[in-house]
Amino acid sequence: MKTLKFQSFVLVLTSFILGFSEFIIVGILNNIATDFHISVATVGLLVTIFAIIYAIATPLVSMSVGHHRLYWSYLVLMLIFAASNLLTALANNYFLLIAGRILTAVVSGTLVSVSITFVSFLAPLTKRAGIVAWIFSGFSIASVFGVPMGTWLSNYTSWRYVFIIISILAVITLLLAMFCLPYDLRQQHVNSFFKQLSIFLDHQIQLGILLPLLNLAGIYVFYTYLRPIFHKEWVLTIMR
């Protein structure tokens, strides 16, 4: 089970689950709004809160696990991820729902970072770029297949089952990782957080961040509220 192909599969599965949890809100906004008797715009704040916490927590948490073994960092983060999605599924009020999403956002970015770091140790130089590309493709696969299936399940059963499934998949992935990932690898220790921030003074880094920032902002603002728009038009069509 410790072959590179199986290890890569587990890491890609990790990114798929992370993407599934991150993007599924887009497909179930109406269902959550109906369940909690709040507006779609209020539920949409979950996307904003998730993104802000994700951006702030990822570098901080990634640095905090830098001196720990990657193996244990991955397992602990994945366990928290599974628990946070279960909390989301069981939330009986909007504030618990927010808490679940915040906890998910705190660990999601670092899980991606740890997964990519594993690749740098496990894969030969000629294969690293391809495996990293596959890891990021897990998010695309989640968007193309996970979100539609999750939305369908939410419509015919409950949006809560979607997050329960995500939690189960996270536990399965955690168990697979326990048997296939090496447990003696460590990241290079970072001495200064502010020293790390100095890379943002590089104009190439600034440009590299600005381009995906504008791209994703344009895409996901549209995607997030696409279903509510279609739902409203469908209701108006029925009424006519």
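The values are calculated or read from the model by the stated rules, or taken from the named source; none is laboratory data. Since the structure is predicted, the reported quantities are computational estimates derived from the model, not experimental observations. A quick note on method: Cβ atoms are made from the backbone with ideal geometry, for glycine too, and the neighbour counts reach across all protein chains shown. When the accessible area is computed, the model is the full protein with side chains, heavy atoms only, and any ligands, DNA or RNA have been set aside. Shrake-Rupley method; radii C 1.70, N 1.55, O 1.52, S 1.80 Å.
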Query raised in the report: Please state the relative contact order of the chain as a whole percent: Cα pairs under 8 Å, 6+ residues apart?
Result: 36 percent
Report task. With only alpha-carbon atoms counted, please give the Rg and Dmax of the stretch 28-153, in Å. Result -> 16.5, 53
Query - HN-Hα J in Hz across the stretch 164-180 - Karplus 6.51, -1.76, 1.60, θ = phi - 60°, x for Gly and Pro - result: 5, 4, 4, 4, 5, 4, 5, 5, 4, 5, 4, 5, 5, 5, 4, 9, 10
Report task. Show that you can apply the helix-only estimate: for the chain, add -39,500 (n - 2.57) for every DSSP H stretch of four or more residues, divide by all residues, and state [θ] at 222 nm to the nearest 500. Result -> -28500 deg cm²/dmol
Report summary line: In whole µm²/s, the translational diffusion coefficient that Stokes-Einstein assigns to the stretch 66-125, given a Kirkwood hydrodynamic radius over C-alpha pairs, 25 °C and 0.890 mPa s, equals 196 µm²/s
Requested in this report: Determine the equivalent ellipsoid of the stretch 81-166 by diagonalising the alpha-carbon gyration tensor, then write out the semi-axes as square roots of 5 times the eigenvalues, largest first, rounded to whole Å.
Outcome: 30, 17, 8
**Report entry** Projected label distance in nm at residue 220 and residue 129, using a 7 Å step from Cα toward the beta-carbon
**Finding:** 2.7 nm
Query - Rounded to whole Hz, the Karplus (6.51, -1.76, 1.60) HN-Hα couplings of the stretch 125-140, x for glycine and proline - result: 4, 5, 10, 4, 4, x, 5, 4, 4, 5, 4, 5, 5, x, 5, 5
Report summary line: In the neighbourhood of residue 49 defined by beta carbon distances under 14 Å, the net charge of the other residues (Lys, Arg +1; Asp, Glu -1) is 0
Report summary line: With +1 at each Lys and Arg Cβ and -1 at each Asp and Glu Cβ, the charge dipole magnitude of the chain around its Cα centre, to the nearest 20 debye, comes out at 300 debye
Query - Per-bin percent of Cα-Cα distances, the stretch 29-89 [5 Å] - result: 4, 15, 15, 21, 17, 11, 8, 6, 3, 0
Report summary line: To the nearest 0.05, the calculated FRET efficiency linking residue 156 and residue 49 through their beta-carbon distance, R0 being 25 Å, is 0.35
Requested in this report: Please work out, to two decimal places, the log10 of the ratio I(q)/I(0) at q = 0.09, 0.10, 0.12, 0.16 Å⁻¹ from a Debye calculation in which every Cα of the chain carries one identical scatterer.
Outcome: -0.41, -0.51, -0.72, -1.22
Report task. Report the full-extension gain for the segment residue 140 to residue 168: residue separation times 0.36 nm, less the Cα-Cα distance, to one decimal in nm. Result -> 8.0 nm
Report summary line: Once 203, 68 are ranked on solvent-accessible area with the largest value leading and a 1.4 Å probe, the list reads 203, 68
Requested in this report: Can you grab the distance from the C-alpha centre of the stretch 128-158 to the C-alpha centre of the stretch 69-109, Å, no decimals?
Outcome: 18 Å
Report summary line: Interchain or sequence-distant (5+) residues whose placed amide H lies within less than 5 Å of the amide H of residue 186 are 70
